[in-house]
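One structure below.
The values are calculated or read from the model by the stated rules, or taken from the named source; none is laboratory data. What you see is a predicted model; the values in this text were computed from it and never measured. Every residue, glycine as well, gets a Cβ built from its backbone with ideal geometry; the counts of neighbours run over all protein chains shown.
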Amino acid sequence: MNRPFYYWYAVIPKDSLNPEQFARSCQSRSITPEIWTFRKLSAVVTRTKISRVVLNRETAWQHERIIEMISDITHYQTLPFRFGSVHPAEQVMNILTERHDEWLDTLDAIKGRVEMSLKVLSSRSSDTALGIRIPSSSYLDRLMRERLQQKARLKEAQSIALVIDKHLKSSYVRKFEDAEALPGILINQTYLVEKDQVPMFQDSVRTLIHEFGTRKWLCTGPWPPYHFVTDRPNQEETDGKKEEPNELEKRPPGHFQ
């Protein structure tokens with residue numbers, strides 16, 4: 001008989017969950033999570049027959065949907081786990097026991113706080129902005145063009161970032177900046193914000209949008225504070241060998257910043 005595995009979605013404070021509300025929410029979404037408790041914390045898990053979940057549109061959406069449900073019910077007092085956190089039953093309780101105090105401190109640090117995401121997109125190519133006109137007739141020409149574009153984008157992003165910090169510094173607690181450059185994105189930052197400061201944060205972003213009218217801004221949230229608390233316990237296969245990271249885990253969000 002194969003031992004059962006459990007997909008681990010999140011850790012929450014034991015007293016943050018209303019059992020009746022949780023049961024209604026699960027029923028309305030046709031899902032059956034279980035709550036396992038140790039001292040002051042609870043693990044939210046679902047039983048699964050497989051030890052590794054394939055990342056695709058359906059499984060990613062299911063993960064996100066349940067995390068959002070948990071966050072809504074617990075008023076964002078949630079330590080969300082990364083996609084694909086699957087463990088044997090005994091490991092769930094062992095890990096919850098071993099890391100209880102650490103996770104309790106982390107949840108206390110984000111209590112009453114949410115995550116806001118801010119991106120600034122390019123509306124025109126940086127080389128055109130600088131008046132660069134290099135023919136793409138050779139490899140060296142193209143390489144020079146790319147380097148000039150990168151330099152121009154970096155300079156532009158640094159300039160905008162200084163103005164952003166000036167406008168937002170009084171409306172957030174901590175900031176996470178994604179160091180990985182993405183095509184078409186000048187700024188990609190995430191902020192830990194007090195829930196009652198969200199309107200102030202949004203007003204500051206509106207001021208920025210007005211000041212930089214030639215840029216496209218994308219501000220989303222409030223979200224669970226993924227970038228400030230996201231964690232995944234070390235996971236091992238049944239033969240004791242550590243699993244290779246999936247594509248999502250190769251580019252993990254910051255955790256325990």
Spot the failing condition for M116; the list is (1) surrounded by fewer than 20 Cβ atoms within 10 Å (Cβ to Cβ); (2) under 18 Å from the mean Cα position of the chain (by Cα); (3) at pLDDT 90 or above; (4) of a type in the set (A, V, I, L, M), and only one is missed. (1)
Inside the stretch 1-22, can you point out the residues that are more than 26 Å from the chain's Cα centre (by Cα) and modelled with pLDDT of 75 or more? P4, E20
Among the residues of the stretch 26-54 satisfying the criterion of being in contact (Cβ under 8 Å) with a residue 60 or more places away in the chain and out of contact with any His (no Cβ under 8 Å at 6 or more places or on another chain), which is nearest to I67 (Cα to Cα)? W36
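Within 14 Å of L118 (Cβ to Cβ), part of a helix (DSSP H, G or I) and not assigned by TED's automatic domain parsing to the domain that holds E64: which single residue out of F228, F201 fits that description?
F201
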If we scan the stretch 64-85, do we find a residue that is over 22 Å from S25 (Cα atoms) and not small (G, A, S)? no
